[in-house]
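Structure first, commentary second.
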Amino acid sequence: MKNGRAVLFRIFKRHARLVRQVPTPRPGDPGRYSLTRLRVDRETSRERVRREREERCNAIQRLAHAGMSKTARARALGLNWQTVRK
């Protein structure tokens, strides 16, 4: 994107009045601009995904120890056979 800077300059110049109305956040001001809540949600989501992946792997291993083939394990768990192979 060669002219990205020029495009942004034109946009800010066109909307300068509106940009001036946006309040500047003050350092240490825990107001509307705090992003800590987003980080907590993201970490919770990552933890949930890790837990689900671990449960899926454990289920695959249990079925493998029971002597089921890869395709049978995939059908039983509703997964693709290539996912079971991993």
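Each value in this text was obtained by applying a stated rule to the coordinates, not by laboratory testing. Just so it is clear, the structure is predicted and the values come from calculations on it, not from any experiment. Positions of Cβ are generated from backbone atoms using ideal geometry, with glycine treated the same way; all protein chains shown enter the neighbour counts.
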Ranked by how many other beta carbons lie within 10 Å on average, peptides 49-55, 68-74 from highest: 68-74, 49-55
Label-to-label distance, nm, for residues given as E43 and L18 (7 Å Cα→Cβ offset): 3.6 nm
